[in-house]
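Engineer: Here it is, the structure, as structure tokens.
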Amino acid sequence: MRIPTFSILLLLACITAVSACASPYGATGPDDRAAIARNGFSADDVGYVLFDPDSGAVLAERQPAKPFAPASVAKLPAMAAALAVLGPDHRFETTLHVSGRLGNGVLDGDLILKGGGDPSLSSEGLTELLRDLGALGVTRVTGRFLYDTSSLPEMPEIDAGQPWTAGYNTGVGALSLNFNRFRFDWARPAAAGQPVRVSAWSVSDAGRVPLDSVTVQLGAGVGAAFTPLAAADGQPANGEPVGERWRFAPQPGMASSLWLPVTRPGLAAGHVFRRLAAEAGIVLPAPAPGAVPPTATLAALHRSEPLEVLARQVLRYSNNLSAELIGLAAARRLDPAVQTLPQSAAVLTAPAMLAAPRTDWTGLRLLNHSGLSAASRITPAQTMALIRGAGPAVLALLPGEDEGKVLPPGVRAKSGTLAYAKALAGTLTTASGRTLGFAFFVTDEERRAAMDRTMDRRIAEIPPEARAWLVRARKLQADLLELWIAGL
């Protein structure tokens, strides 16, 4: 089913105009003032709702209509919507196609690798495709080796407000491999006059493969080890697509290995496939962008695990790329014209908004599916509506941990963390055995805005004062959970 985006937005505007003044929240709940003050926050920094997920009755609240930065809590409604649109049994497909004639092990034609937006695609999946290709007897391709990324729009990063070297802010595209990040290794020269040794690797559970789409230019400087170099538009003189290009200036005391984002995912996947093909005894030309022609024959197919499994992993491990790919696939099922992450988030949120017309959706602004944006906003009341709309089957996928740390018994939730923003939303079981839903947010708008105004994309580390703020935010979160569990 295709829902036109503009029709959805027009209908939502009408609904919001009718319901904007409605506010069903009258509860106050346990006294939270001591916990907020004890952790060094202002009451204006904090917002939450504690509610009965079945009836929608609110048992405790603070600033339920104030918009906060959701951070990775945004992944919860994204996964709920994707499961509703695509179905829990949906599998993403990566395919291999051939055109031309095959004889004596030589494919006299083209080989095309087509991505289907699989967020879990790894080198092992490509090896599986090559195994099937080898079973057909192919040992060499005389035509072109093409990679087809037409199933989804390809973009170089999730959010332009993040450091260049952030391994969690990767490129997004239909052919995304090994979570679209690569490991950069370097070593100082063993003797004077020798060059610094550098290498780039695409890494999976099965091992590592040299990533030929990455080039590194050595330089010197203080304060920034890595700076991306702008690639010229189009094709270079040799006709091959331009890949990742970095300037590297070793800094005193820096680690000898770190993860960097892939910004050209289709090209990177094509190069890894070519390397793996060589290991399997299949000679391929350099990869180039292209499309599967109508006359091509399907040669091999790799399918992901069911979406329900992938969604559970996203909610536990909070991988940003996976959330974006799953969200994009679902949004484009509703509206194939979607080309950007903000468009995708708007389309995917719209059905949930239509299902809860009594909720005031004023101020909702989700710029992507992962929450990796300091500009996204959602209110506790809106989060409550999205949690209720997700339903028990989706809530059962939530983990009992926050960034790898175990939550109190009976708490299952999605966490979110940005500098000067902390969030947690899900369900908890009270001391009396009652299951309740909750959405908690704390944000320091002024400090976050000041940090963004002075941001240097060369610097990956968040300021020490922001780290200290997050420690206090996590303590407030724990104190409120303890208050709610014991008092209701």
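The values are calculated or read from the model by the stated rules, or taken from the named source; none is laboratory data. Computed from a predicted model, the values in this text were never measured in an experiment. Note that we place each Cβ from the backbone using ideal geometry, even for glycine, and neighbour counts take in every protein chain shown. Side chains are part of the model used for accessible areas, which takes the heavy atoms of the whole protein and leaves out ligands, DNA and RNA. Shrake-Rupley method; radii C 1.70, N 1.55, O 1.52, S 1.80 Å.
Engineer: What whole-number value in Å² describes the accessible area per residue of segment 363-488 for a 1.4 Å probe?
Structural biologist: Dividing the accessible area of segment 363-488 by its residue count gives 41 Å².
Engineer: Let me ask something else. Just the number, please: carbon plus sulfur as a percent of the accessible area of segment 49-195, 1.4 Å probe, no ligands or DNA/RNA counted.
Structural biologist: About 51 percent, which is the carbon plus sulfur part of the accessible surface.
Engineer: Select from segment 324-384 those trypsin sites (Lys or Arg not before Pro) which occupy a DSSP coil region and have at most 14 other Cβ atoms within 10 Å, ordered by residue number.
Structural biologist: Passing sites in segment 324-384 are 358.
Engineer: For segment 309-387, what does the equivalent ellipsoid look like in terms of its semi-axes, each the square root of 5 times an eigenvalue of the Cα gyration tensor, given largest first in whole Å?
Structural biologist: Semi-axes (√(5λ), whole Å): 20, 16, 13.
Engineer: In Å², what does the accessible area per residue of segment 181-328 work out to with a 1.4 Å probe?
Structural biologist: Per-residue value: 48 Å².
Engineer: Rolling a 1.4 angstrom probe over the protein heavy atoms, how many square angstrom per residue are accessible across segment 37-178?
Structural biologist: 35
Engineer: Report the semi-axes of the equivalent ellipsoid for segment 364-455 in whole Å, largest first, where each axis is √(5λ) for an eigenvalue λ of the Cα gyration tensor.
Structural biologist: Over the Cα atoms of segment 364-455, the semi-axes work out to 27, 15, 12 Å.
Engineer: While we're looking at this one, here's another question. Kirkwood Rh and Cα-based Rg: tell me the resulting Rg over Rh for segment 140-181, rounded to two decimals.
Structural biologist: 1.13
Engineer: With Cβ to Cβ distances under 11 Å as the rule, what net charge do the other residues near residue 441 carry (K, R +1; D, E -1)?
Structural biologist: Net local charge, residue 441 excluded: +3.
Engineer: Could you state the angle between the C-alpha long axis of helix 5-19 and the longest principal axis of the C-alpha atoms of the chain, as a value from 0 to 90 degrees rounded to the nearest 10?
Structural biologist: 10
Engineer: A further question follows. Quote the Stokes-Einstein diffusion coefficient, in whole µm² s⁻¹, for segment 65-117, based on the Kirkwood radius over alpha carbon pairs, a temperature of 20 °C and a viscosity of 1.002 mPa s.
Structural biologist: For these conditions, the coefficient is 140 µm²/s.
Engineer: Can you return the lysines within cross-link range of residue 75? Criterion is Cα-Cα under 24 Å, with same-chain partners fewer than 8 residues away left out.
Structural biologist: Once the sequence-local lysines are set aside, what remains near residue 75 is 66, 405, 414, 422, 475.
Engineer: Of all GluC sites (Glu not before Pro) in segment 376-468, which ones are in loop regions per DSSP and have a Cβ with at most 14 other Cβ atoms within 10 Å?
Structural biologist: The qualifying sites are 403, 461.
Engineer: Using only the alpha-carbon atoms, what does segment 28-100 span along each of its principal axes? Please give whole angstrom values in decreasing order.
Structural biologist: Principal extents (Cα only, largest first): 73, 31, 18 Å.
Engineer: State the antiparallel share, in %, of DSSP beta bridges confined to the chain, rounding to the nearest 5.
Structural biologist: Bridges in the chain are about 80 percent antiparallel.
Engineer: Further, regarding this structure: How big is the C-alpha Rg of the chain next to the rule-of-thumb value 2.2 N^0.38 Å, as a ratio?
Structural biologist: 1.06
Engineer: Now, a different point. Bin all alpha-carbon pair distances of segment 262-339 at 5 Å intervals from 0 and give each bin's fraction as a whole percent.
Structural biologist: 3, 11, 12, 18, 22, 18, 12, 5, 0
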